[in-house]
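Have a look at the structure below, then the notes.
The values are calculated or read from the model by the stated rules, or taken from the named source; none is laboratory data. Note that the structure is predicted; figures quoted are calculated from it, not measured. All Cβ positions, even for glycine, are placed from backbone atoms using ideal geometry, and neighbour counts span all protein chains on display.
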Ligand SMILES: C[S@@+](CC[C@H](N)C(=O)[O-])C[C@H]1O[C@@H](n2cnc3c(N)ncnc32)[C@H](O)[C@@H]1O
């Protein structure tokens, strides 16, 4: 190893609109000489790079392939291989940035990469620069408060179906459901059964071409959602104040008590 090891910057570039890239992220991106971005093993596309490309001036860009799989052993091999590649650059004494969609520590490849780099080389300096999350931008676009007063908010993944959602609904006032696209039919059925269709807003591709807000989930029944889709669910408040911003029938409270 050289005397000085470079710093690894994990940079969140926000969910799509390049104007939501922070000043701090820009400063680092214009300073580092090596920029990493994740891509799938099938092609070289990186949305995070697309978002920041207009801001890049001189950094060399390198894609790191991460397989889209849930197989822990396959993932571990990829994280380790990519962490070693990042370390090669850092150990030449060069700073490097890893750009990610939204926030780098919210359902992001950077979390795994950071932990693997730390495991291999605990002495390496790592700086994480937070980014605007997809659901913050979605709430702003749809004009839905995520929390008010003493309410709570759960951020839940729909990647395994509706089970996590059902569990969360028993405990919180508001839910952000990410990764809804694959199990949308099952999630739709669950929301319908619980009388929560009117309390759910779907936001697709916030800040990107094709951006869409759908307040009436029934319009989406039977459709395929894009990968970049999320739901904001606001449970009806029993006090009568507008927790759910839309008309909520009797069924809503009856449905929830079924959980
Ligand atoms: C792997 S997670 C990445 C989350 C990201 N790190 C963040 O901070 O929001 C991918 C999921 O985030 C949501 N997502 C990310 N970008 C989005 C966008 N521009 N519009 C809508 N949903 C988005 C979708 O639910 C998508 O399936």
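Results for (1) without any contact (Cβ under 8 Å) to a residue 24 or more places away in the chain; (2) loosely packed, with under 15 Cβ neighbours inside 10 Å; (3) within 16 Å of the ligand (Cβ to nearest atom), shown as yes or no for each residue.
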{"residue": "4", "(1), (2), (3)": "no, yes, no"}
{"residue": "27", "(1), (2), (3)": "yes, yes, no"}
{"residue": "47", "(1), (2), (3)": "no, no, yes"}
{"residue": "54", "(1), (2), (3)": "no, yes, no"}
{"residue": "60", "(1), (2), (3)": "no, yes, no"}
{"residue": "68", "(1), (2), (3)": "no, yes, yes"}
The range 6-23, subset more than 16 Å from the ligand (Cβ to nearest atom) and surrounded by fewer than 21 Cβ atoms within 10 Å (Cβ to Cβ), residue farthest from residue 230 (Cα to Cα):
7
How many of the residues in the range 70-95 are touching a residue at least 60 places away in the same chain (Cβ under 8 Å) and within 22 Å of the chain's Cα centre (by Cα)?
0
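Just the residues that are touching a helix residue (DSSP H, G or I) at 6+ places or on another chain (Cβ under 9 Å), within 16 Å of the ligand (Cβ to nearest atom) and in a helix (DSSP H, G or I), please, taken from the range 186-202.
187, 188, 191
Answer yes or no: is there a residue in the range 93-111 that is more than 15 Å from the ligand (Cβ to nearest atom) and surrounded by fewer than 15 Cβ atoms within 10 Å (Cβ to Cβ).
Yes: one or more hits.
Whether any residue in the range 203-213 is under 11 Å from residue 184 (Cβ atoms) and either outside any loop (DSSP other than H, G, I, E, B) or assigned by TED's automatic domain parsing to the domain that holds residue 18 (or both) is what I want to check.
No, the range 203-213 has no match at all.
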Looking at 239, 172 in this structure, which one is closer than 25 Å to residue 150 by Cα, assigned to a loop (DSSP other than H, G, I, E, B) and modelled with pLDDT of 95 or more?
172
Of all residues in the range 188-200, how many are without any contact (Cβ under 8 Å) to a residue 60 or more places away in the chain and over 13 Å from residue 224 (Cβ atoms)?
8
Kindly check whether there is at least one residue in the range 228-236 that is at pLDDT 95 or above, in a loop (DSSP other than H, G, I, E, B) and out of contact with any helix residue (DSSP H, G or I) (no Cβ under 7 Å at 6 or more places or on another chain).
yes
The range 154-185 - residue that is within 18 Å of residue 228 (Cα to Cα) and surrounded by fewer than 17 Cβ atoms within 10 Å (Cβ to Cβ) and, of those, nearest to the ligand (Cβ to nearest atom):
179
